[in-house]
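Following: one structure in structure tokens, then a few remarks.
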Amino acid sequence: MFSITSSEWYKLRKSKIIGILLVGPMVGLFIGLTAGLDNLGTGMNEWYVKLLSMNLTYALLFLPLITGVLASTTCRYEHQSGGWKQLLALPVTRGRVFASKYILLMALVMVIQLLYLGSIYLVGIIDGIQDAFPLAIVWKSIFGGWVATLPLVGLQLWMSILFKSFAAPFAVNVIFTLPTILVVNSERFGPYYPWAQPFSMMYISESADDVFFVPWDQLLTVVGGSFLLFSVGGYLYFQRKAV
């Protein structure tokens with residue numbers, strides 16, 4: 001597995017992956033420095049005000065969308081000049097190829113989350129925030145957002161294996177991500193919509209007792225259930241894919 005994952009990373013290094021990883025943190029940095037939400041800061045930790053403004057765009061739109069870009073990038077070479085045949089002709093199983101791509105994608109999403117954490121802290125330093133940095137709560141928000149992308153990465157990897165076009169998986173992701181702006185405000189549909197989970201799990205709460213900022217039953221049923229559905233579906237499709 002390690003050698004397969006290393007080879008996948010070697011292929012990605014030849015692409016513009018570094019620029020892709022930096023887009024999200026730079027967007028968060030720009031929003032944090034320009035958003036004017038001072039009216040929300042009465043009696044509230046100033047870090048929370050920044051996080052609310054930054055997460056609104058980052059977790060609601062960018063984080064779900066970037067999974068599609070990363071997944072399409074990881075399958076780009078295999079869709080060119082019979083790449084799937086060349087790869088599967090090697091002494092590797094399809095299951096390990098799928099798992100290595102998935103593991104690499106989740107690692108890249110974690111890198112983006114850590115860079116975003118750095119941009120949050122940088123915004124506070126530039127703005128001269130004097131309140132104590134709520135590390136425990138911010139870290140739970142960062143890690144929770146990463147967990148929420150588990151099913152989205154599984155689905156996007158499935159779509160990227162299915163479609164040869166780089167744009168097709170991204171288009172599918174956009175179609176389901178844009179309604180999140182409306183769905184997230186719905187008490188009926190918001191808690192069960194997979195594309196709304198990154199925002200829900202990165203939402204800042206003043207309670208540091210919860211592991212995440214969503215109920216455990218929602219975490220297990222929505223995130224866990226959709227993760228199994230999308231990942232197992234993509235795995236089974238890849239096992240039967242004709243190359």
Matching label for the computed log10 I(q)/I(0) by the Debye sum over Cα atoms at q = 0.07 Å⁻¹, out of (i) -0.31; (ii) -0.20; (iii) -0.25, is (iii)
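Between LEU52 and ALA99, what FRET efficiency follows from the Cβ-Cβ distance if R0 is 35 Å, with the result rounded to 0.05?
Efficiency, rounded to the nearest 0.05: 0.45.
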Over the Cα atoms of region 110-155, each weighted equally, I'd like the Debye log10 I(q)/I(0) at q = 0.18, 0.27, 0.31 Å⁻¹, rounded to two decimals.
-0.60, -1.00, -1.13
Hey, any idea what % of region 134-202's accessible area is carbon plus sulfur with a 1.4 Å probe?
76
Mind telling me which of ALA171, ALA132, ALA148 comes out most flexible in a GNM of the chain, alpha-carbon contacts under 10 Å?
ALA132
Per the helix-only calculation at 222 nm, which mean residue ellipticity applies to the chain, given -39500 (n - 2.57) for every DSSP H run of n ≥ 4 and division by its residues, nearest 500 deg cm²/dmol?
-20500 deg cm²/dmol
Between HIS79 and ILE129, how high is the FRET efficiency from 1/(1 + (r/R0)^6) when r is the Cβ-Cβ distance and R₀ = 41 Å? Nearest 0.05.
0.35
The chain accessible area per residue, 1.4 Å probe, protein heavy atoms, integer Å², reads 49
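The values are calculated or read from the model by the stated rules, or taken from the named source; none is laboratory data. If you're wondering where the values come from, they're calculated on a predicted model, not measured in any experiment. So basically every Cβ, Gly included, is an ideal-geometry build from the backbone, and we count neighbours across all protein chains shown. Just so you know, the surface numbers come from the protein's heavy atoms only, side chains and all, with ligands and any DNA or RNA stripped out. Shrake-Rupley method; radii C 1.70, N 1.55, O 1.52, S 1.80 Å.
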